[in-house]
Amino acid sequence: MKPSLVSLLAALALPACAAPPAEQPVNIGFALQSGNAEVVCTRPVPGLNEPATLTDARLYIHDVVLLDDAGHATPVALTPSSWQRDGVVLLDFEDASGTCRGTAATNNAVVGTVPAGRYVGLGFVVGVPSPLNHTSANAEAAPLDLVAMGWSWQAGRKFIKIELDPEGGVVRAAGKPGATWHLHLGSTGCVGDPFKGEAVSCATPNRIAVRFPAFSADADHVVLDLATLFDGTDLGRDGGGALGCMSGPDDPDCPAVFRQLGLKPATTQPSAFRVAANKG
């Protein structure tokens, strides 16, 4: 039976099935430097106000996006691995060699896909989203399973963990001298018990929004610069409170670090992170 004119016109009127947009792979590199020098576990960190060696360097980021010419953000669909899941990535720059006391495995990249298109910028947030932050490391899969990246209160996590051993140790304003200067950034002023099913809210979330309007994943990478991060910080002395800066709102050693991270006073761009061109 031949199709009628009506059926032919109806078929032509049906919207064409649009092909799904093609995806393109994304590999966003990160590096730990001090000035223009790479920071490694086997030699002193250059460019600091106090000679020091690295003992740990890890941080969590989430909500990684690429930006188009108009500034619109496209989320990067992360490729699941032991380093990234549920939108969260662990960057790990220490390899347990030399003076470092972490793990041998390292990760310096975000890997995923985005819809095919032209992207000119990058954005991400340093930290762990609230629902995932306040969980037990023992009950989570990687990369949220590290007890070494956990806080002891509200089951939160250290968003940034940088530890350095200054030459000659750390002189304290009160108490015994210490060997290690700690930067442990995480949410503070938190209330609510997640183990009782309570929602947790924090007076000071301490998550850091980073945005680079000009960034090419093919040609550039992101640098966390320790010389900038600790500019204005005397790593050989502790002014009081916890040893180093453990995010205490009244800790005298935190304001200089917070300023470089864009936390206090709040800025649109933390100076400790910058874009650098890939070598070669």
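Quick note: the coordinates plus some simple rules give every number you see, no bench work behind them. Since we're looking at a predicted model, the values are computed, not measured. Heads up, the Cβs are rebuilt from the backbone with ideal geometry, glycines too, and the neighbour counts pull from every protein chain shown.
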Please list the non-local residues whose amide H lies under 5 Å from the amide H of Gly150, H modeled 1.01 Å from N, same-chain partners needing a gap of 5 or more. Lys158
Each residue of segment 246-263 in order: what ³J(HN,Hα) in whole Hz does its phi give by Karplus 6.51 cos²θ - 1.76 cosθ + 1.60, θ = phi - 60°, with x for Gly and Pro? 10, 6, x, x, 10, 6, x, 8, 8, x, 5, 5, 4, 4, 6, 8, x, 8
Sites Val191 and Ala242, calculated FRET efficiency, Cβ-Cβ separation with R0 22 Å, nearest 0.05: 0.60
With Rg/Rh (Cα atoms, Kirkwood Rh) as the read-out, I listed (i) 1.05; (ii) 0.93; (iii) 1.11; which label goes with the value calculated from this structure? (iii)
Under a point-charge model restricted to the Cβ atoms of Lys and Arg (+1) and Asp and Glu (-1), what is the dipole moment magnitude of segment 150-280 relative to its Cα centre, in debye to the nearest 20? 220
Using alpha-carbon positions, what is the distance between the centroids of segment 143-182 and segment 105-136, in Å? 24
Could you list which residues have their amide H under 5 Å from that of Asp220, counting only those 5 or more apart in sequence or on another chain, with H placed in the peptide plane? Asn278
Skipping prolines and chain starts, which residues have an amide H placed within reach, meaning under 5 Å, of the one on Val45, given they are 5 or more residues away or on another chain? Ala52, Thr53, Leu54
Considering only the other residues whose Cβ falls under 15 Å of the Cβ of Asp250, what net charge follows from Lys and Arg at +1 and Asp and Glu at -1? -2
Segment 169-280: relative contact order from alpha carbon pairs under 8 Å, six or more residues apart, as a whole percent, is 31
Per DSSP H run of at least 4 residues, take -39500 (n - 2.57); add these up for the chain, divide by its residues and hand me the 222 nm value, nearest 500 deg cm²/dmol. -2000 deg cm²/dmol
Note on segment 192-280: alpha-carbon gyration tensor, axes a ≥ b ≥ c; rule is a/c under 1.5 for rounded, else prolate if a/b larger than b/c, else oblate; result oblate
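Once you charge only the Cβ atoms, +1 for Lys and Arg and -1 for Asp and Glu, what is the size of the charge dipole of the chain about its Cα centre, to the nearest 20 debye?
Working: 19 positive and 27 negative charges, 95 e Å.
So the dipole magnitude of the chain works out to roughly 460 debye.
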From Cα pairs below 8 angstrom and at least 6 apart in sequence, can you work out the relative contact order of the chain, rounded to a whole percent? 20
Partner aspartates and glutamates whose C-alpha sits under 19 Å from that of Lys176, ignoring same-chain residues fewer than 8 away, are Glu163, Asp165, Glu167, Asp234, Asp238, Asp251, Asp253
What ³J(HN,Hα) values, in whole Hz, does the Karplus curve 6.51 cos²θ - 1.76 cosθ + 1.60 give for segment 221-232 when θ = phi - 60°, with x put for Gly and Pro? 9, 9, 10, 9, 9, 5, 4, 6, 4, 9, 5, x
Using 0.36 nm per residue, how much length does the chain from Val275 to Lys176 gain when fully extended, once their Cα-Cα distance is taken away? 31.7 nm
